[in-house]
1. What order do you get for 77-85, 34-42 when each peptide is scored by the mean count of other beta carbon atoms within 10 Å, highest first?
2. Using modelled amide H (1.01 Å from N, peptide plane; none on Pro or chain starts), what sits under 5 Å from the amide H of Asn27, excluding residues fewer than 5 places away?
3. Mind ordering 45-52, 17-24, 87-94 by average Cβ neighbours within 10 Å, highest first?
4. Can you give the charge dipole size of the chain about its Cα centre, rounded to the nearest 20 debye, using +1 on the beta carbon of Lys and Arg and -1 on the beta carbon of Asp and Glu?
5. Which far-off residues, 5 or more places away or on another chain, put their amide H under 5 Å from the one on Phe90, with H placed in the peptide plane?
6. Taking only complete DSSP H runs, can you tell me which helices of the chain stretch 15 Å or more along their own long axis by Cα positions and average at least 1.0 on the Kyte-Doolittle scale?
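A short reminder: the numbers here are calculations on the coordinates, not readings from a lab. What you see is a predicted model, and the numbers here were worked out from it, not measured in a lab. When we count neighbours, we look across all protein chains shown, and the Cβ atoms used for this are built from the backbone with ideal geometry, even at glycine.
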Amino acid sequence: MPEVATRARRVVVRHLSAIGQALFAYNPWVGLAGVVILAVAARHLAVTGLLVSVLARLVASAVGAPATFLGTGLAELNGWFLGLACATFFAVGPGLAAAVLLGGVIVALLSIAMHRVLATWDVPLVIGPYVPTFWILWSGLTVTAWSRAAVLPSVPPAPASPLLLVLVGGLRGVGLPSRWPRSLRTSTWAGP
């Protein structure tokens, strides 16, 4: 039993370390912090990202990807980004489920193929494969009757005051304006 727990711990640490690369650190604590923060902000994004990431790793292992490639964590990282993109642009439903299942397989295969091609020129792979994989999924699934695009949030109107525009724009980068009084978030506020 201790062997199973040790192996499970290694798998989780390796996976969280791979996700941590999204925040530029191959560290399980960074990956865990990223997943937890995202789960608090948008639970469906974190769940979908984890699902596609795990599926991409399983597919990469099943098709016999080289151990050196699997050790980089790039299959998991590309799966993580693809899961976030799918959950952002596909509405919850059968279309998102198909995107998750197909995406996990396609992103793993494309990651392996792109890694082999780019390695001949000593070019790093990083997160290149998730973008064309998302294009394939978006192009193929949005035309089906059972797939819907997610409703994206609308952009609020710009403030009339140039100073307020710079202030609110800078603070939106921090992500706090939704908790501020409505007068600071609309263009009807005339300023001091």
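1. With the highest mean Cβ count within 10 Å placed first, the list reads 77-85, 34-42.
2. Gly20, Gln21
3. Packing order, densest peptide first, comes out as 45-52, 17-24, 87-94.
4. Its charge dipole is roughly 420 debye.
5. Ala150
6. Once both thresholds are applied, what remains is 28-41, 43-62, 74-89, 94-119, 130-141, 162-174.
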